1. Of everything in region 207-246 that's charged (D, E, K, R) and under 15 Å from the mean Cα position of the chain (by Cα), which residue is nearest to residue 161 (Cα to Cα)?
2. Is there a residue in region 106-123 that is of a type outside the set (Val, Ile, Thr), modelled with pLDDT of 95 or more and more than 14 Å from residue 190 (Cβ to Cβ)?
3. Report, ordered by the first and then the second residue, all pairs with beta carbons closer than 6 Å, sequence separation of six or more or different chains, a first member in region 118-134 that is crowded, with 20+ Cβ neighbours inside 10 Å, and a second member that is outside any helix (DSSP H, G or I).
4. Considering every residue within region 155-171, establish whether at least one is on the phi > 0 side of the Ramachandran plot and not β-branched (Val, Ile, Thr).
Amino acid sequence: MTLENENQEMVLFGTSSETKKIAVGIILITLYAILALLPMSGFIGAAGFSSILSFAICIAPLLGIILGPWRGFGFGVIAGVIATIISIPFGGGVYIIIPTTILGPAIAALFTGLALRRTTMVSGVSIPGPIITAVYLIVVIVLYEIVVYEAWWFMLPYMLALIVTLVFQIKNFEFDPKKSYLQLIPFTFLGAMLDHSMMAMGSVYLLGIPAVVFGFGIFPAMLLERTIATLLGALLGFVILKLFGEEISSN
């Protein structure tokens, strides 16, 4: 095989991989939009029966895990906007009540994607992805606690996500599509909490929900919702990787 032919094959493989990622990104956006209409639970603290939390939260982490931080962020923005538009005829749900939630999938994709590897190249500079994600989680925890400190335990799942993220940096626990379904769970848990951060910040700074509601109303529901999102998201991610090939998970 000549050098020219070899280079041509490498280019064609790269193009095929990029095409697969875009195709999977479109599929994930479609799933997110469809699941946005499937209620998981009601949004405690908001008025109206139409204020629901949906199964779309299961898809948010996969945008970063499968597509990487940058592409995942872009597709996440699109997913949030489309989900908002199609939910308006049904009352708009939580996207209208807390507009920051629209950015939930984008934030989840960006920081989960950064946490996939110990380092990520940005404009030729290597940055510690998990550390950047950890800093974001610390900011969310602090912003919550300075306003709603009476229900401080609401941030315990975020603190666990912070610990998990630091372990990614220290232990070099990197995502490997060749491994089992179980190795996806830490990443889908992290993504589920990152997605929730936009809702939490909106609930604190836009709705001003009282501490007692956070601590005794929302907290148990949040634990159940994020557990479902973690496990179902990992299962969906495993199926997608099996169907479309491991190359789509490379950054």
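The values are calculated or read from the model by the stated rules, or taken from the named source; none is laboratory data. All values reported here derive from a predicted model rather than from experimental measurement. Glycine also receives a Cβ, built like all others from the backbone with ideal geometry; neighbour counts cover every protein chain displayed.
1. 226
2. yes
3. 120/127; 129/117; 129/120
4. Checked against the condition, which is being on the phi > 0 side of the Ramachandran plot and not β-branched (Val, Ile, Thr), region 155-171 yields no hits at all.
Here is a yes/no grid of residues against (1) aromatic (Phe, Trp, Tyr); (2) surrounded by fewer than 21 Cβ atoms within 10 Å (Cβ to Cβ):
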site: 75; (1), (2): yes, no
site: 82; (1), (2): no, yes
site: 95; (1), (2): yes, no
site: 98; (1), (2): no, no
site: 101; (1), (2): no, no
